[in-house]
Amino acid sequence: MLKWLWLSVVVVVLDQGTKYLADTLLQYHLPVPLFPMFNLTLSYNSGAAFSFLSEAGGWQRWFFTVFALVISVVLVIWIKRLKNNELWSAVALSLILGGAIGNVIDRVMFGYVIDFLDVYYRQWHWPIFNIADSAISVGVAVLLFDGLFGSKCLKKHQEAE
């Protein structure tokens, strides 16, 4: 199922392209309203998800970089071992891989991850995120859904035939 790695490449290209545009066109922490409950807001995250360990003093940059690279190798091996009928797992893992690589590129180049998608409701803001984070989240959701319901859905579909 390595044929699905093209999806990882698309995620990395979209992620890096949008981060470049955000970093070039937006001012740091100055929201640009696009839609109700959605702004573009440039932010830099030196931590992990939800800025976890962002104030840790710098060691977290290389820790998260190495961790993401190890996970990326595991994901490629996992994708390679998938059977041809495990389509949704291949899609999900490819999305996660692309997101991980997109954020690793930022950590290596800048020491932080560029975020710019700002979803909010009134005064409550979800942590600002990016395309890579979105791909990881969607990939995890698809993987969980496929793991919980995929075989049941396939079995019902086969019984209907």
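Read-outs throughout are calculated quantities, based only on the coordinates presented, and are distinct from any laboratory measurement. All values derive from a computational prediction rather than experimental measurement. All Cβ positions, even for glycine, are placed from backbone atoms using ideal geometry, and neighbour counts span all protein chains on display.
Applying 0.36 nm per residue to the separation of Val108 and Leu148 and subtracting their alpha-carbon distance, the gain on full extension is 10.9 nm. Residue-wise HN-Hα couplings along the range 26-36, as the Karplus relation 6.51 cos²θ - 1.76 cosθ + 1.60 with θ = phi - 60° gives them from phi, are 9, 9, 3, 6, 9, x, 10, x, 10, 9, x Hz; Gly and Pro carry x.
In whole percent, what relative contact order does the range 1-44 give with Cα contacts below 8 Å and a gap of six or more residues? Write down the numbers at each step before the final one.
Numbers: 25 pairs, mean separation 11.9, N = 44.
Across the range 1-44, relative contact order equals 27 percent.
So, R0 is 41 Å and r is the distance between the beta-carbons of Arg122 and Val9; what FRET efficiency does that work out to, to 0.05? Using R0 = 41 Å, I get an efficiency of 0.60.
Estimated at 0.36 nm per residue, the fully extended path between Ser137 and Phe38 surpasses their Cα-Cα distance by 33.8 nm.
Counting 0.36 nm for each residue step from Val66 to Glu86 and taking away their Cα separation leaves a gain of 4.4 nm.
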